[in-house]
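A short write-up of the structure that comes next.
The values are calculated or read from the model by the stated rules, or taken from the named source; none is laboratory data. None of these values were measured; they are calculated from a predicted model. For neighbour counting, all protein chains shown are included, and Cβ atoms are generated from backbone atoms with ideal geometry for every residue, glycine included.
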Amino acid sequence: MTELARSPLGAARREIQPHDVESAARLVAHGMRPKALPSRDAGYAELVRRYRDDDGFADTVQRVAAGLGLVVLAVGPQSGIVLAAVEESVFEIRMDEYARRTVLQNRQTDKMLHGLAHLAAAALAFPRPDDLGDDSYVGRVSVDHVDGAVREACRALEERTAGAEADPLSDAPHLEAAWRAWLRRPEATATKDGRAGEATTRGIVGKALRFLADQGFLVAVGTEGGVYRTTPRYQVQVRELAAQRAFDELLQLGVLPAATAGGALRAPNGLEAPDV
């Protein structure tokens, strides 16, 4: 049986046919392939065009996604269809699963550090609010950049809280615990093959950036490794992340450096070097 699609104003449109549902499912399937792009697949590009031009088809795509425990964040010619898993979805990636294959010194602490690495990477990839709204913006992050910025931010927070009568981070207890743990963790401990140990902060950041690249959110730049550029898919995901409390807490601490136009780090407000 077919279903009669309706516009937001209730005006009847054409009936949704079984082949429309199949096409909608194909578009959702494209979104499950992290590195698939409309620019590389004419069929994918046509489905994206149809989603944007046909409200009935767009509604069908959203219903198919919802049935799989997914929500459609955006659909565009650059990003393709960007999906996110709802809570308890079979497609949800939990930090437990993400860190499962990592050698954990302390499971709860390490999960927290892995989460902080992802939050910091997102904040540094799009350091200004306008960057998230500019579809042409391409950010860059690296293992050195993220680990160095977080470590410097942790030191600044440690100095800020030293001797304070009241805890300035009382409204962000999870982040406070995270930055204290980050400072206690070694920056790098070389393994036998010369790589940073997984339990070090550089190892944690490296794992986060490689994971994001595997998911189609970052693309490796150059041949040395450890440097990545952002993709439109990542920009859409970070827009969603920016509405979450943990990301807001991180930015409100006011200590995470942002990149200057030249790519260097600048000191956050209140921490600039004095004029000499």
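Screening ALA246 against (1) modelled with pLDDT under 80; (2) not in a helix (DSSP H, G or I) leaves a single unmet condition, (2). Which residues, taken from the range 207-218, are touching a helix residue (DSSP H, G or I) at 6+ places or on another chain (Cβ under 6 Å) and either within 12 Å of PRO186 (Cβ to Cβ) or surrounded by fewer than 22 Cβ atoms within 10 Å (Cβ to Cβ) (or both)? The answer is GLY216, and nothing else. Whenever a residue of the range 120-142 is within 18 Å of GLN78 (Cβ to Cβ), its partners that are acidic (Asp, Glu), lying with C-beta atoms within less than 6 angstrom and at least six residues away or across chains, give the pairs TYR137/ASP131.
Among residues of the range 159-188 being at pLDDT 65 or above and assigned to a loop (DSSP other than H, G, I, E, B), the one that is surrounded by the fewest Cβ atoms within 10 Å (Cβ to Cβ) is ALA162. Scanning the range 16-71 for residues that are touching a Gly at 6+ places or on another chain (Cβ under 8 Å) and of a type in the set (Phe, Trp, Tyr) yields a single hit, TYR44. Note on the range 39-90: residues that are in contact with a helix residue (DSSP H, G or I) (Cβ under 6 Å, 6 or more places away or on another chain), surrounded by 15 or more Cβ atoms within 10 Å (Cβ to Cβ) and assigned to a loop (DSSP other than H, G, I, E, B) amount to 2.
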